[in-house]
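First the structure, in the form of structure tokens, and then the observations on it.
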């Protein structure tokens with residue numbers, strides 16, 4: 001079941017547009033405030049990564065977002081048009097190393113994503129990079145979303 | 001952002017909107033203003049902050065480095081539960097003391 005699918009131009013700041021659209025799409029699921037905040041932080045970071053690193057902040061290149069519900073799993077797929085190697089690299093930032101000047105102050109994005117969702121999947125191919133954020137809904141009150149009534153959006157619903 | 005000299009030793013920066021790369025110049029300027037009267041403690045008020053992203057966390061780390069070099073303390077209050085957890089996750093809460101409200105922060109700043 002697709003809850004929404006859209007793209008945003010690759011301009012920094014547009015991750016917030018994506019967060020608003022995803023928040024609207026998952027509203028019927030009745031996620032707790034904390035769980036929704038976690039999901040939206042992960043979405044924002046993934047889209048920002050797609051915009052800044054995958055698409056090099058080129059506005060003409062879309063960053064895609066698709067939200068689907070599969071059983072008890074809510075999946076948000078974020079895509080970019082970037083070529084080459086992975087733009088998502090695992091790291092464990094160390095605050096104290098940063099304060100000591102041994103690491104750059106930045107580099108928190110992936111760390112945040114990994115701790116906000118239940119599962120993170122990354123795929124890179126010749127078409128670009130895809131990041132899947134998975135949230136399992138077992139522990140959340142499910143308000144009985146109706147597929148026919150809530151399937152919205154289209155693949156090329158560009159902002 | 002608004003900077004207030006709350007007590008002789010503590011200044012408050014009211015952060016409205018977002019803490020992201022877009023806020024860098026404004027936050028750094030606010031910090032300079034906050035410390036212009038030699039406040040030993042700078043208190044960040046997040047009550048009206050609706051978005052903090054990874055770049056914003058990097059910005060707070062940069063601010064911490066600056067404060068540490070100047071032997072000043074950074075405090076914070078007004079964080080939502082979500083951002084409090086992010087402070088814990090990143091361990092920012094170990095370097096920036098987090099309080100429930102301004103009164104608590106000012107009381108700690110005075111001690």
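The values are calculated or read from the model by the stated rules, or taken from the named source; none is laboratory data. Since the structure is predicted, the reported quantities are computational estimates derived from the model, not experimental observations. Heads up, the Cβs are rebuilt from the backbone with ideal geometry, glycines too, and the neighbour counts pull from every protein chain shown.
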- [ ] Take residue A:41 and decide whether it is assigned to a strand (DSSP E or B) and either within 12 Å of chain B (Cβ to nearest Cβ) or buried (at least 19 other Cβ atoms within 10 Å of the Cβ) (or both).
- [x] no
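Considering each of A:47, A:78 in turn, give the residue that is touching a strand residue (DSSP E or B) at 6+ places or on another chain (Cβ under 6 Å), over 30 Å from residue B:68 (Cα atoms) and free of Cβ contacts under 8 Å to residues at least 40 places away in the same chain. Can you show your working first?
Values: A:78 fails: free of Cβ contacts under 8 Å to residues at least 40 places away in the same chain.
Just a single option satisfies the conditions, and that option is A:47.
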Open item on the list: Let me confirm something: among A:137, A:95, which residue is modelled with pLDDT of 95 or more and either surrounded by 12 or more Cβ atoms within 10 Å (Cβ to Cβ) or farther than 24 Å from residue A:20 by Cβ (or both)?
Closed with: A:95
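Please verify whether residue B:19 is within 13 Å of another protein chain (Cβ to nearest Cβ), surrounded by 21 or more Cβ atoms within 10 Å (Cβ to Cβ) and on the phi < 0 side of the Ramachandran plot, treating the condition exactly as stated. If you could, list the steps in order and put the result at the bottom.
Details: within 13 Å of another protein chain (Cβ to nearest Cβ): yes; surrounded by 21 or more Cβ atoms within 10 Å (Cβ to Cβ): yes; on the phi < 0 side of the Ramachandran plot: yes.
Yes: the conditions hold for residue B:19.
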Task: Of the criteria (1) part of a loop (DSSP other than H, G, I, E, B); (2) more than 26 Å from residue A:100 (Cβ to Cβ), which one residue B:6 fails - done: (1)
Task: Sole exception among (1) within 12 Å of another protein chain (Cβ to nearest Cβ); (2) surrounded by 21 or more Cβ atoms within 10 Å (Cβ to Cβ); (3) under 15 Å from residue A:134 (Cα atoms) for residue A:22, by number - done: (1)
Open item on the list: Anything in the range B:17-74 that is in contact with a helix residue (DSSP H, G or I) (Cβ under 9 Å, 6 or more places away or on another chain) and assigned to a loop (DSSP other than H, G, I, E, B)? List them, or say none.
Closed with: B:20, B:35, B:39, B:40, B:46, B:47, B:53, B:72
